[in-house]
Amino acid sequence: MVKLDAMENPYLLPQDLRDEIARLVADAAINRYPDAGAQQLKEDIRRVSKLPPGMDVLLGNGSDEIIQLLALAVAKPGAVLLSVEPSFVMYRMIASFVGMRYVGVPLDEDFSLDPKAMLDAIRREQPALVFLAYPNNPTGNLFDAAAIKRIIAAAPGLVVVDEAYYAFARDSFIPHLAKYDNLLVMRTFSKLGMAGLRLGFLAGPAAWLSQLEKLRLPYNVGVLPQLVAARLLQHHDVLLAQAERIKQERARLLAALNAIVGIRTYSSEANFILFRVAKATQIFEGLKQRGVLIKSLSGGHPALADCLRVTVGSPEEDARFIAALQDTINQLA
Ligand SMILES: *Cc1c(COP(=O)(O)O)cnc(C)c1O
(Lines give C-alpha, C1' and ligand atoms only; values in the text may rest on other atoms or scores of the structure.)
Protein backbone atom coordinates (compact mmCIF):
# COMPACT_ATOMS: atom_id res chain seq x y z
CA MET A 1 0.00 0.00 0.00
CA VAL A 2 1.03 3.59 -0.61
CA LYS A 3 0.22 4.92 2.86
CA LEU A 4 -1.04 8.51 2.72
CA ASP A 5 -3.59 8.47 5.56
CA ALA A 6 -1.76 9.58 8.72
CA MET A 7 0.43 12.63 7.92
CA GLU A 8 3.67 10.69 8.29
CA ASN A 9 6.94 11.98 6.83
CA PRO A 10 7.70 9.78 3.77
CA TYR A 11 11.47 10.23 3.96
CA LEU A 12 14.01 8.15 5.87
CA LEU A 13 16.88 9.84 7.66
CA PRO A 14 20.26 10.15 5.89
CA GLN A 15 22.41 7.03 6.35
CA ASP A 16 25.08 8.74 8.52
CA LEU A 17 22.41 9.94 10.95
CA ARG A 18 20.85 6.46 11.07
CA ASP A 19 24.27 5.00 11.91
CA GLU A 20 24.72 7.59 14.64
CA ILE A 21 21.37 6.59 16.14
CA ALA A 22 22.24 2.88 15.93
CA ARG A 23 25.36 3.53 18.00
CA LEU A 24 23.42 5.61 20.53
CA VAL A 25 20.82 2.88 20.95
CA ALA A 26 23.50 0.18 21.28
CA ASP A 27 25.03 2.04 24.23
CA ALA A 28 21.78 3.15 25.86
CA ALA A 29 21.22 2.19 29.50
CA ILE A 30 17.83 0.61 28.96
CA ASN A 31 18.18 -1.29 32.25
CA ARG A 32 17.77 2.11 33.98
CA TYR A 33 14.66 4.21 34.33
CA PRO A 34 14.69 7.29 32.10
CA ASP A 35 15.64 10.75 33.36
CA ALA A 36 12.20 11.82 34.66
CA GLY A 37 13.13 15.46 34.08
CA ALA A 38 14.49 14.78 30.56
CA GLN A 39 16.88 17.72 30.96
CA GLN A 40 18.89 17.27 27.75
CA LEU A 41 15.87 16.79 25.54
CA LYS A 42 14.07 19.80 27.04
CA GLU A 43 17.10 21.97 26.39
CA ASP A 44 17.17 20.86 22.76
CA ILE A 45 13.44 21.57 22.43
CA ARG A 46 13.83 25.02 23.96
CA ARG A 47 16.59 25.84 21.46
CA VAL A 48 15.03 24.53 18.24
CA SER A 49 11.61 25.96 19.14
CA LYS A 50 13.03 29.38 20.04
CA LEU A 51 10.96 29.60 23.22
CA PRO A 52 10.82 33.09 24.76
CA PRO A 53 12.71 33.46 28.07
CA GLY A 54 10.81 32.28 31.14
CA MET A 55 8.78 29.68 29.25
CA ASP A 56 8.84 26.10 30.45
CA VAL A 57 8.42 22.75 28.65
CA LEU A 58 6.33 19.70 29.56
CA LEU A 59 6.87 16.47 27.62
CA GLY A 60 4.22 13.99 26.55
CA ASN A 61 4.13 10.52 25.04
CA GLY A 62 2.86 12.15 21.84
CA SER A 63 0.80 15.31 22.08
CA ASP A 64 -2.30 13.13 22.45
CA GLU A 65 -1.09 12.39 25.97
CA ILE A 66 -0.76 16.11 26.66
CA ILE A 67 -4.34 16.74 25.56
CA GLN A 68 -5.40 14.06 28.04
CA LEU A 69 -3.24 15.51 30.81
CA LEU A 70 -4.66 19.02 30.28
CA ALA A 71 -8.20 17.67 30.34
CA LEU A 72 -7.52 15.63 33.50
CA ALA A 73 -6.14 18.76 35.16
CA VAL A 74 -9.31 20.83 34.73
CA ALA A 75 -12.00 18.13 34.65
CA LYS A 76 -14.83 18.45 37.16
CA PRO A 77 -18.60 18.09 36.80
CA GLY A 78 -19.84 20.69 34.32
CA ALA A 79 -16.39 21.83 33.15
CA VAL A 80 -16.33 22.62 29.43
CA LEU A 81 -13.71 21.83 26.78
CA LEU A 82 -14.35 24.02 23.76
CA SER A 83 -13.02 23.70 20.23
CA VAL A 84 -14.21 24.19 16.67
CA GLU A 85 -15.89 21.80 14.26
CA PRO A 86 -14.58 20.17 12.18
CA SER A 87 -11.23 19.77 13.92
CA PHE A 88 -9.00 17.15 15.54
CA VAL A 89 -11.29 14.41 16.89
CA MET A 90 -9.18 13.72 20.00
CA TYR A 91 -10.37 16.97 21.66
CA ARG A 92 -13.94 15.71 21.75
CA MET A 93 -13.00 12.11 22.56
CA ILE A 94 -10.71 13.02 25.46
CA ALA A 95 -13.30 15.46 26.86
CA SER A 96 -15.74 12.58 27.07
CA PHE A 97 -13.14 10.18 28.54
CA VAL A 98 -12.48 12.53 31.46
CA GLY A 99 -16.12 13.53 31.99
CA MET A 100 -15.93 17.08 30.62
CA ARG A 101 -18.68 18.63 28.53
CA TYR A 102 -17.50 19.18 24.94
CA VAL A 103 -18.67 22.22 22.97
CA GLY A 104 -17.77 22.41 19.25
CA VAL A 105 -18.30 25.78 17.57
CA PRO A 106 -18.94 25.41 13.82
CA LEU A 107 -16.38 26.92 11.45
CA ASP A 108 -17.52 29.04 8.52
CA GLU A 109 -18.25 27.43 5.17
CA ASP A 110 -14.64 27.97 4.03
CA PHE A 111 -13.39 26.49 7.35
CA SER A 112 -12.31 29.85 8.78
CA LEU A 113 -13.02 30.83 12.38
CA ASP A 114 -16.32 32.54 13.10
CA PRO A 115 -15.08 35.05 15.71
CA LYS A 116 -18.54 36.16 16.81
CA ALA A 117 -19.74 32.58 17.30
CA MET A 118 -16.54 31.79 19.22
CA LEU A 119 -16.77 34.82 21.50
CA ASP A 120 -20.49 34.18 22.14
CA ALA A 121 -19.73 30.54 23.00
CA ILE A 122 -16.92 31.55 25.34
CA ARG A 123 -19.19 34.02 27.15
CA ARG A 124 -22.00 31.47 27.37
CA GLU A 125 -20.01 28.32 28.23
CA GLN A 126 -17.06 29.75 30.25
CA PRO A 127 -14.77 26.93 29.02
CA ALA A 128 -12.01 25.68 31.31
CA LEU A 129 -10.02 24.67 28.23
CA VAL A 130 -10.03 25.83 24.59
CA PHE A 131 -8.17 23.92 21.85
CA LEU A 132 -7.37 25.49 18.49
CA ALA A 133 -5.34 23.49 15.97
CA TYR A 134 -3.11 25.91 14.03
CA PRO A 135 -3.04 24.78 11.18
CA ASN A 136 -6.31 22.92 11.63
CA ASN A 137 -6.69 19.19 11.01
CA PRO A 138 -8.46 17.98 8.83
CA THR A 139 -8.99 21.24 6.94
CA GLY A 140 -5.32 22.30 6.62
CA ASN A 141 -5.82 26.07 7.00
CA LEU A 142 -4.38 28.54 9.49
CA PHE A 143 -7.07 30.48 11.34
CA ASP A 144 -6.93 34.28 11.47
CA ALA A 145 -4.29 35.13 14.08
CA ALA A 146 -6.08 38.33 15.19
CA ALA A 147 -9.26 36.32 15.86
CA ILE A 148 -7.27 33.81 17.95
CA LYS A 149 -5.81 36.67 19.99
CA ARG A 150 -9.32 37.96 20.74
CA ILE A 151 -10.30 34.44 21.81
CA ILE A 152 -7.29 34.18 24.15
CA ALA A 153 -8.12 37.56 25.68
CA ALA A 154 -11.79 36.62 26.18
CA ALA A 155 -11.29 33.08 27.49
CA PRO A 156 -11.67 32.64 31.27
CA GLY A 157 -9.45 29.52 31.23
CA LEU A 158 -6.56 28.05 29.28
CA VAL A 159 -6.25 28.35 25.51
CA VAL A 160 -4.05 25.74 23.85
CA VAL A 161 -2.80 26.44 20.34
CA ASP A 162 -2.02 23.01 18.86
CA GLU A 163 0.83 23.39 16.37
CA ALA A 164 1.18 19.75 15.27
CA TYR A 165 1.96 21.01 11.73
CA TYR A 166 4.31 23.86 12.65
CA ALA A 167 7.06 22.63 10.32
CA PHE A 168 4.83 23.18 7.29
CA ALA A 169 3.15 26.44 8.34
CA ARG A 170 3.91 30.13 7.89
CA ASP A 171 3.07 31.22 11.42
CA SER A 172 3.28 30.23 15.09
CA PHE A 173 2.02 31.46 18.46
CA ILE A 174 5.30 30.65 20.25
CA PRO A 175 6.50 34.29 19.95
CA HIS A 176 3.24 35.42 21.65
CA LEU A 177 3.57 33.10 24.65
CA ALA A 178 4.87 35.77 27.01
CA LYS A 179 2.03 38.19 26.16
CA TYR A 180 -0.80 36.14 27.64
CA ASP A 181 -0.98 34.35 30.97
CA ASN A 182 -3.55 31.80 29.74
CA LEU A 183 -1.88 30.76 26.46
CA LEU A 184 -0.08 27.44 25.97
CA VAL A 185 1.41 26.14 22.72
CA MET A 186 1.49 22.40 22.05
CA ARG A 187 3.66 20.73 19.41
CA THR A 188 4.50 17.22 18.34
CA PHE A 189 7.45 15.79 16.41
CA SER A 190 5.20 13.12 14.88
CA LYS A 191 4.57 14.97 11.62
CA LEU A 192 8.26 15.84 11.27
CA GLY A 193 9.43 12.24 10.93
CA MET A 194 9.24 10.90 14.49
CA ALA A 195 5.69 9.50 14.66
CA GLY A 196 7.04 6.19 15.97
CA LEU A 197 9.02 7.81 18.81
CA ARG A 198 5.90 9.33 20.43
CA LEU A 199 7.03 12.76 21.57
CA GLY A 200 5.05 15.94 22.02
CA PHE A 201 5.52 18.99 24.21
CA LEU A 202 3.64 21.83 25.79
CA ALA A 203 5.29 25.24 26.15
CA GLY A 204 4.08 28.01 28.42
CA PRO A 205 4.50 29.92 31.67
CA ALA A 206 6.25 27.96 34.42
CA ALA A 207 3.39 28.75 36.81
CA TRP A 208 1.01 26.62 34.72
CA LEU A 209 3.44 23.90 33.70
CA SER A 210 4.62 23.23 37.26
CA GLN A 211 1.00 22.48 38.20
CA LEU A 212 0.45 20.28 35.13
CA GLU A 213 3.71 18.42 35.90
CA LYS A 214 2.00 17.00 39.01
CA LEU A 215 -0.26 14.94 36.74
CA ARG A 216 2.44 13.70 34.38
CA LEU A 217 3.50 10.11 35.02
CA PRO A 218 7.24 10.31 35.79
CA TYR A 219 8.49 7.96 33.06
CA ASN A 220 6.10 8.84 30.22
CA VAL A 221 9.01 9.40 27.79
CA GLY A 222 11.35 6.39 27.68
CA VAL A 223 15.14 6.20 27.51
CA LEU A 224 15.22 5.53 23.76
CA PRO A 225 12.81 8.28 22.67
CA GLN A 226 14.71 10.77 24.87
CA LEU A 227 18.08 9.81 23.40
CA VAL A 228 17.01 9.55 19.79
CA ALA A 229 14.84 12.68 19.76
CA ALA A 230 17.57 14.76 21.44
CA ARG A 231 20.04 13.63 18.78
CA LEU A 232 17.58 14.29 15.95
CA LEU A 233 16.87 17.78 17.30
CA GLN A 234 20.59 18.47 17.16
CA HIS A 235 20.06 17.84 13.43
CA HIS A 236 16.82 19.81 13.27
CA ASP A 237 18.04 21.37 10.01
CA VAL A 238 17.92 17.93 8.33
CA LEU A 239 14.31 17.47 9.42
CA LEU A 240 13.35 21.00 8.38
CA ALA A 241 14.94 20.40 4.96
CA GLN A 242 12.66 17.36 4.60
CA ALA A 243 9.69 19.53 5.62
CA GLU A 244 10.75 22.02 2.92
CA ARG A 245 10.71 19.23 0.29
CA ILE A 246 7.27 18.22 1.52
CA LYS A 247 6.03 21.81 1.18
CA GLN A 248 7.29 21.97 -2.41
CA GLU A 249 5.66 18.63 -3.12
CA ARG A 250 2.44 19.93 -1.52
CA ALA A 251 2.28 22.66 -4.19
CA ARG A 252 2.74 20.09 -6.98
CA LEU A 253 0.12 17.76 -5.48
CA LEU A 254 -2.34 20.64 -5.12
CA ALA A 255 -1.84 21.61 -8.78
CA ALA A 256 -2.30 17.96 -9.87
CA LEU A 257 -5.55 17.69 -7.89
CA ASN A 258 -6.81 21.01 -9.23
CA ALA A 259 -6.20 19.76 -12.78
CA ILE A 260 -8.76 16.97 -12.27
CA VAL A 261 -12.30 18.02 -13.24
CA GLY A 262 -14.81 17.73 -10.39
CA ILE A 263 -12.34 18.09 -7.52
CA ARG A 264 -12.45 21.03 -5.14
CA THR A 265 -9.30 21.43 -3.07
CA TYR A 266 -8.71 23.46 0.09
CA SER A 267 -5.40 25.26 0.42
CA SER A 268 -3.12 23.81 3.09
CA GLU A 269 -0.43 24.99 5.50
CA ALA A 270 0.10 21.40 6.65
CA ASN A 271 1.49 18.18 5.13
CA PHE A 272 -1.90 17.06 3.83
CA ILE A 273 -4.58 18.31 1.47
CA LEU A 274 -8.34 18.17 2.00
CA PHE A 275 -10.47 17.84 -1.11
CA ARG A 276 -14.10 17.40 -2.01
CA VAL A 277 -15.31 15.14 -4.81
CA ALA A 278 -18.62 13.49 -5.73
CA LYS A 279 -18.90 9.80 -4.72
CA ALA A 280 -16.07 10.26 -2.20
CA THR A 281 -16.70 6.93 -0.44
CA GLN A 282 -16.52 4.98 -3.73
CA ILE A 283 -13.40 6.89 -4.71
CA PHE A 284 -11.80 6.07 -1.35
CA GLU A 285 -12.57 2.37 -1.93
CA GLY A 286 -11.35 2.52 -5.54
CA LEU A 287 -8.05 4.00 -4.36
CA LYS A 288 -7.71 1.25 -1.77
CA GLN A 289 -8.27 -1.43 -4.45
CA ARG A 290 -5.47 0.23 -6.41
CA GLY A 291 -3.10 0.08 -3.45
CA VAL A 292 -3.41 3.66 -2.17
CA LEU A 293 -4.66 4.39 1.35
CA ILE A 294 -5.88 7.92 2.18
CA LYS A 295 -8.42 9.14 4.77
CA SER A 296 -12.16 9.33 4.17
CA LEU A 297 -13.91 12.02 6.18
CA SER A 298 -17.24 11.56 4.47
CA GLY A 299 -19.95 10.37 6.84
CA GLY A 300 -18.35 12.12 9.81
CA HIS A 301 -19.05 15.82 10.31
CA PRO A 302 -21.74 17.20 7.91
CA ALA A 303 -19.36 19.99 6.77
CA LEU A 304 -17.04 17.25 5.51
CA ALA A 305 -19.57 15.46 3.28
CA ASP A 306 -17.74 14.02 0.26
CA CYS A 307 -14.37 15.08 1.68
CA LEU A 308 -11.14 13.08 1.49
CA ARG A 309 -7.76 13.90 3.01
CA VAL A 310 -4.46 12.90 1.47
CA THR A 311 -1.06 13.17 3.15
CA VAL A 312 1.67 14.71 1.02
CA GLY A 313 3.99 11.81 0.21
CA SER A 314 7.15 11.49 -1.86
CA PRO A 315 6.85 12.52 -5.55
CA GLU A 316 6.62 8.81 -6.50
CA GLU A 317 3.87 8.09 -3.95
CA ASP A 318 1.91 11.17 -4.98
CA ALA A 319 2.20 10.23 -8.67
CA ARG A 320 0.77 6.78 -7.85
CA PHE A 321 -2.03 8.42 -5.88
CA ILE A 322 -2.93 10.82 -8.72
CA ALA A 323 -2.87 8.02 -11.31
CA ALA A 324 -5.07 5.79 -9.11
CA LEU A 325 -7.45 8.70 -8.46
CA GLN A 326 -7.78 9.54 -12.16
CA ASP A 327 -8.33 5.87 -12.98
CA THR A 328 -11.00 5.49 -10.26
CA ILE A 329 -12.84 8.64 -11.40
CA ASN A 330 -12.79 7.48 -15.04
CA GLN A 331 -14.17 4.10 -14.05
CA LEU A 332 -16.99 5.61 -11.95
CA ALA A 333 -18.00 8.10 -14.68
C1 LIG B 1 -1.44 14.41 14.75
C2 LIG B 1 -2.02 15.44 15.62
C3 LIG B 1 -1.79 15.45 17.02
C4 LIG B 1 -1.19 14.32 17.81
O5 LIG B 1 -0.01 13.86 17.45
P6 LIG B 1 0.85 12.85 18.38
O7 LIG B 1 1.33 11.85 17.40
O8 LIG B 1 -0.04 12.27 19.44
O9 LIG B 1 1.91 13.70 18.95
C10 LIG B 1 -2.28 16.50 17.76
N11 LIG B 1 -2.98 17.48 17.19
C12 LIG B 1 -3.24 17.51 15.88
C13 LIG B 1 -4.03 18.63 15.31
C14 LIG B 1 -2.79 16.49 15.06
O15 LIG B 1 -3.10 16.49 13.75
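The values are calculated or read from the model by the stated rules, or taken from the named source; none is laboratory data. What you are looking at is a predicted structure, and each value in this text was computed from that prediction instead of being measured. Methodologically, a virtual Cβ is constructed for each residue, glycine included, from the backbone with ideal geometry; neighbour enumeration extends over all protein chains shown. Note: areas computed on protein heavy atoms with side chains; ligands, DNA, RNA excluded. Shrake-Rupley method; radii C 1.70, N 1.55, O 1.52, S 1.80 Å.
For the stretch 64-76, filtering for residues that are more than 8 Å from the ligand (Cβ to nearest atom) and open to solvent by 20 Å² or more (accessible area, probe 1.4 Å) leaves 6. Against the condition touching a strand residue (DSSP E or B) at 6+ places or on another chain (Cβ under 6 Å), open to solvent by less than 10 Å² (accessible area, probe 1.4 Å), away from the ligand (no atom under 15 Å from the Cβ) and touching a residue at least 24 places away in the same chain (Cβ under 8 Å), how does LEU202 come out, does it pass? Taking the combined requirement at face value, the residue does not satisfy it. Scanning the stretch 144-170 for residues that are in a loop (DSSP other than H, G, I, E, B) and either surrounded by 23 or more Cβ atoms within 10 Å (Cβ to Cβ) or free of Cβ contacts under 8 Å to residues at least 40 places away in the same chain (or both) returns ASP144, ALA155, PRO156, GLU163, ALA164, TYR165.
When each of LEU293, LEU287, LEU254 is tested for being without any contact (Cβ under 8 Å) to a residue 40 or more places away in the chain, surrounded by 15 or more Cβ atoms within 10 Å (Cβ to Cβ), out of contact with any Gly (no Cβ under 7 Å at 6 or more places or on another chain) and of a type outside the set (S, T, N, Q), the lone residue that passes is LEU254.
If you filter the stretch 306-322 down to residues that are in contact (Cβ under 8 Å) with a residue 12 or more places away in the chain and more than 20 Å from the chain's Cα centre (by Cα), you find that the one that is surrounded by the fewest Cβ atoms within 10 Å (Cβ to Cβ) is PRO315. Scanning the stretch 4-63 for residues that are open to solvent by 90 Å² or more (accessible area, probe 1.4 Å) and part of a loop (DSSP other than H, G, I, E, B) yields LEU12, ASP27, ILE30, ASN31, ARG32, TYR33, LYS50, PRO53.
Under the condition of being farther than 20 Å from ALA154 by Cα and of a type in the set (Gly, Ala, Ser), the residues counted in the stretch 72-118 number 6.
Regarding the stretch 234-251, can at least one residue be identified that is part of a strand (DSSP E or B) and either without any contact (Cβ under 8 Å) to a residue 40 or more places away in the chain or of a type in the set (Lys, Arg) (or both)?
No - not one qualifying residue is present in the stretch 234-251.
Of the residues examined, ILE66 is one that is within 20 Å of VAL185 (Cα to Cα) and either touching a Leu at 6+ places or on another chain (Cβ under 8 Å) or touching a residue at least 60 places away in the same chain (Cβ under 8 Å) (or both).
Counting just the residues of the stretch 205-222 that are in contact with a Gly (Cβ under 8 Å, 6 or more places away or on another chain) and not in a helix (DSSP H, G or I), which one comes out surrounded by the most Cβ atoms within 10 Å (Cβ to Cβ)? Steps first, answer last, please.
Of the residues in the stretch 205-222, the ones in contact with a Gly (Cβ under 8 Å, 6 or more places away or on another chain) are 205-206, 216, 220-221.
Adding the requirement that they be not in a helix (DSSP H, G or I) leaves 205, 216, 220-221.
On the way: PRO205: 17, ARG216: 21, ASN220: 20, VAL221: 26.
Looking at the filtered set, the residue picked out is VAL221.
Under the condition of being touching a helix residue (DSSP H, G or I) at 6+ places or on another chain (Cβ under 8 Å) and within 12 Å of the ligand (Cβ to nearest atom), the residues counted in the stretch 134-159 number 3.
Being within 14 Å of the ligand (Cβ to nearest atom) and either crowded, with 20+ Cβ neighbours inside 10 Å or in a strand (DSSP E or B) (or both) is true of VAL84. Scanning the stretch 171-189 for residues that are part of a helix (DSSP H, G or I) and either within 16 Å of the ligand (Cβ to nearest atom) or among the aromatic types (Phe, Trp, Tyr) (or both) yields one hit, ILE174.
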